[in-house]
1. With springs connecting C-alpha atoms under 10 Å apart, model the chain as a Gaussian network and identify which of LEU315, LEU286, LEU71 has the largest mean-square fluctuation.
2. With point charges of +1 on the Cβ of Lys and Arg and -1 on the Cβ of Asp and Glu, referenced to the Cα centre of the chain, which listed residue (ALA15, ALA129, SER273) lies farthest in the positive direction of the dipole?
3. Can you give the convex hull volume of the alpha carbon atoms of segment 1-133 per residue, in Å³?
4. In the chain, if the dipole is taken from +1 on Lys/Arg beta carbons and -1 on Asp/Glu beta carbons about the Cα centre, which of VAL259, THR144, GLY184 is farthest to the positive end?
5. Can you give me the accessible area per residue for the chain, using a 1.4 Å probe, in Å²?
6. Under the rule of at least 5 residues apart or a separate chain, name every residue whose amide H is placed under 5 Å from the amide H of GLY79.
7. Relative to the first principal axis of the alpha-carbon coordinates of the chain, what is the inclination of helix 236-265, with its axis defined by its Cα atoms, in degrees from 0 to 90 and to the nearest 10?
8. Suppose R0 equals 30 Å; then what is the FRET efficiency for HIS210 and GLU152 from their Cβ-Cβ distance, rounded to the nearest 0.05?
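The values are calculated or read from the model by the stated rules, or taken from the named source; none is laboratory data. Quantities reported herein were computed from a predicted structural model and do not represent experimental measurements. We place every Cβ from the backbone using ideal geometry, glycine too, and count neighbours over all the protein chains shown. These area figures cover heavy atoms from the full protein model, side chains too; ligands, DNA and RNA do not enter into them. Shrake-Rupley method; radii C 1.70, N 1.55, O 1.52, S 1.80 Å.
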Amino acid sequence: MLLALETSCDETSAAVVDHGRVLANLVSSQVRLHAEYGGVVPELAAREHLRNLPTVVQAALREAGVAPGALEAVAATQGPGLPSALLAGLKAAQTVAFVLRRPFLGIHHHEAHLYSAWICGQPPRADFAAFVPNVSLIVSGGHTLLVHVQREGTHRVLGSTVDDAAGECFDKIGKLMGLPYPAGPHIDRLAERGNPRAFDFPRPMLAEAHDDFSFSGLKTSVRYFLRDHPALSADAGCVKDLCASVQAAIVEVLVAKTVRAARRLGVGCITASGGVICNRALRQQLTAAGQRERILVRLAEPSFCTDNAGMIGILAERRFRSGQAGTSIDADILPQWELA
Ligand code: KG4
Ligand code: ZN
């Protein structure tokens, strides 16, 4: 039985896992707190984590029906992420581990995302054996990463964004359109009734052979488009078409580059996670591309797409049970930790 904490950005999350099963996975989102600033304010996030952690930890233990003494180890996200936010969860976990005299495990946030697509069922359970090798797409408000997972624990980053992350692109374009933060889910909803071919926006780096992404040019192109069509925002139908067209550009780039990498590397599986993987058009088009190409596509369930401690606990327990050494109880945060 392990307790895991995740506080790398603006979700305070605690989970209890046992033998590959997620017994509880509580997430307290700060999205409303940061909405008025149009983005995550690191200092506010850290303070909110400190306020929320005791409640979220207690609720996770209660939901799992576990007494603190039954915990065998404690884990937390060590990086990458916002320094002050990471510090809150890491120090809380290390303190619990110290008091209970249990091992502590510091987990790489993106490595946990790589395996989150394999947590499913009721209670959710991770199926590690079935999925390697694969190409894994991680897309959130902070990251756009394409990773080749050769075997469990061995991966290579193929590409990442050279500027804005895909979620950031959704959010910034939404802001230009006057949509609330975070705009991704609003664009998803509005796009449902829009025409994705109404407006032709650039598909940045789509034609280039490498695996990197770029989304700031798309944002700039929408900015100029809105400047040149000031009346458009007042027309509800046009707003839906605009959302659908923007979404189509982002989704096409993500799907095409992921599938191309999978084909080039000859892997039979694609996995995906991160907040943007909640996007319905992206889920649908990744799945369709997989069927076309005869590549198995495993998408994280929405509750494991966004940042959550369940994925941290699943990976930590895997390490713990395989006898790998824990992390030092006074290990520091690693805000810039690269996925090796
Ligand atoms: O993984 P996440 O919860 O937090 C981090 O950024 O680490 O991802 C949040 C991002 C935001 O940019 C949000 O707009 C985007 O995921 N997002 C979506 C959808 N749901 C969340 N983007 C497009 N469509 C969605 N349905
Ligand atoms: Zn994340």
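1. Judging by the Gaussian network model, the answer is LEU71.
2. So the residue furthest toward the plus end is ALA129.
3. Hull volume over Cα atoms, normalised by residue count, gives 113 Å³.
4. Of the listed residues, the answer is VAL259.
5. Averaged over the residues of the chain, the accessible area is 43 Å².
6. ILE107, HIS109, LEU334
7. Helix 236-265 sits at roughly 60 degrees to that axis.
8. 0.70
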